[in-house]
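Novice: I'd like to ask some things about the structure below.
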Amino acid sequence: MGYDKSGETRAIVITILVLTSMLITFGLAIFADRLQPDHGDASSLERKSYDNVPPSVLSRGDSDIPEGKPLFNMSRPHIGDVPYGQAIFSCSKPGQIALTFDDGPFYWTNHVLDQLDGLNIKGTFFITGNSPVLSRRIDTNPEYAALIRRMRSRGHQIASHTWSHKHLKDIGREGRYNEMVYNEMALRNVMTTPPTYMRPPYGEWRDPDSMQDLKALGYHVIMYNIDTRDYNCNTETDIEDSISLFKDALREDGNGSYIVLAHDVREWTAKKLLPAMIHTMDLRGYHAVTVGECLGDSEFNWYRDPDDVED
Ligand code: CO
């Protein structure tokens, strides 16, 4: 009674269709993932998480630019002995390590700073002003502006990791200028002077056009020779891989010279990797310094005067 044969058939057909389309979507997702180009030393998980941001969030960064005078015609003299517009991978003096932190600031940055400041260790922070993944801006959110001012006041070096973490090689000259200059304006609004050091998102330093533009904009391009791969570590167990990687990469005799890539936005970097790196450095006699110091560059050259305008 009330047994509707055609209704049951329809339900079965719909179920099969839904399951099939789910399988196809899942299969395509895996396939598309495998097709992603390998950028060598670029961080794959970092790339993935940024590329998965919905377009509505990403486009926000295109229209909302930092307040105040634009800095497109700021004077950008190539002062000092450190090269501009070419990738730099290591410190110049044996025994020195520059710990560098990308993508922040974020929630875990405070914990990173507490540890560094507690031991009077100086680090370098590559700041993304308008992060699509973290959904925060440094120039409109007082909490993050305060974190950057704390870094600066404690002697850490502040550098640029672009305005919104795009692939520089894909966005043309105008896009690259916007990515660099908007971040300068945001950092100017937060801490008065914009930086002269930068790191390209995804570790992409091989594109000649990007490097030419970064040279014209007066930037030192800082890569790394130890990648902790902490962006792959989402658990306390995972981070052991990064700790091992760091220990294995660091010469035991204390005579190596390193720029180390890590991320202050990540929980296990703050909780486990950083203390382990500091411990290992101490044991092997390394001295932690900022990137500018490890390249022998005077602190005066790390930042620019935003009021110094080209004629
Ligand atoms: Co990054």
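The values are calculated or read from the model by the stated rules, or taken from the named source; none is laboratory data. Just so we're clear, the structure is a prediction, and the values are computed from it rather than from any experiment. Positions of Cβ are generated from backbone atoms using ideal geometry, with glycine treated the same way; all protein chains shown enter the neighbour counts.
Novice: For segment 277-311, enumerate the residues that are small (Gly, Ala, Ser), farther than 29 Å from Asn73 by Cβ and crowded, with 17+ Cβ neighbours inside 10 Å.
Specialist: Ala288
Novice: Give all pairs with beta carbons closer than 6 Å in which a residue from segment 80-107 that is over 19 Å from Asn183 (Cβ atoms) meets a residue that is small (Gly, Ala, Ser) and within 16 Å of the ligand (Cβ to nearest atom); count only pairs at least 6 apart in sequence or on separate chains.
Specialist: Between residues of segment 80-107 that are over 19 Å from Asn183 (Cβ atoms) and residues that are small (Gly, Ala, Ser) and within 16 Å of the ligand (Cβ to nearest atom), the close pairs are Leu99/Gly123.
Novice: Also, quick follow-up: Could you figure out which of (1) outside any helix (DSSP H, G or I); (2) within 16 Å of the ligand (Cβ to nearest atom); (3) more than 22 Å from Ile138 (Cβ to Cβ); (4) of a type outside the set (A, V, I, L, M, F, W, C) isn't true of Lys169?
Specialist: (1)
Novice: Okay, moving on. Report, by residue number, each residue of segment 124-153 that is of a type in the set (Phe, Trp, Tyr) and closer than 21 Å to Ala288 by Cα.
Specialist: Phe125, Phe126
Novice: Taking the condition of being hydrophobic (A, V, I, L, M, F, W, C), within 16 Å of the ligand (Cβ to nearest atom) and either surrounded by fewer than 24 Cβ atoms within 10 Å (Cβ to Cβ) or farther than 16 Å from Thr290 by Cα (or both), how many residues in segment 97-123 meet it?
Specialist: Selection size over segment 97-123: 2.
Novice: Hey, another quick one. Every residue in segment 188-205 that is within 16 Å of the ligand (Cβ to nearest atom) and part of a helix (DSSP H, G or I), please.
Specialist: Listed by number, the residues that qualify are Pro201, Tyr202, Gly203.
Novice: Right, here's the next one. Based on what the data block shows, is Leu245 without any contact (Cβ under 8 Å) to a residue 24 or more places away in the chain and either buried (at least 22 other Cβ atoms within 10 Å of the Cβ) or part of a helix (DSSP H, G or I) (or both)?
Specialist: Yes; evaluated as a whole, the condition is true for this residue.
Novice: On the basis of being at pLDDT below 95 and either within 16 Å of the ligand (Cβ to nearest atom) or not small (Gly, Ala, Ser) (or both), does Asp41 make the cut?
Specialist: Here the answer is yes, as Asp41 does meet what is asked.
Novice: While we're looking at this one, here's another question. Looking at this structure, is Tyr224 of a type in the set (Ser, Thr, Tyr) and buried (at least 23 other Cβ atoms within 10 Å of the Cβ)?
Specialist: In short, no.
Novice: Right, another one. Taking the criterion of being at pLDDT 95 or above, of a type in the set (S, T, N, Q) and closer than 23 Å to Asp227 by Cβ, would at least one residue in segment 102-110 satisfy it?
Specialist: Yes.
Novice: Just give me the residues in segment 148-165 being touching an Asp or Glu at 6+ places or on another chain (Cβ under 6 Å) and within 16 Å of the ligand (Cβ to nearest atom), in sequence order.
Specialist: If the condition is that a residue be touching an Asp or Glu at 6+ places or on another chain (Cβ under 6 Å) and within 16 Å of the ligand (Cβ to nearest atom), then His161, Thr162, Trp163 are the ones that fit.
Novice: Collect the residues in segment 206-227 that are more than 13 Å from the ligand (Cβ to nearest atom) and in a loop (DSSP other than H, G, I, E, B), keeping them in residue-number order.
Specialist: Scanning segment 206-227 gives Arg206, Asp207, Leu217, Gly218, Tyr219, Asn225.
Novice: Do any residues in segment 284-303 that are more than 18 Å from Glu184 (Cα to Cα) have Cβ atoms under 8 Å from those of residues that are hydroxyl-bearing (Ser, Thr, Tyr) and modelled with pLDDT under 95, where the two are at least six apart or on different chains, and which pairs are they?
Specialist: Cys294/Ser92; Leu295/Ser92; Gly296/Ser92
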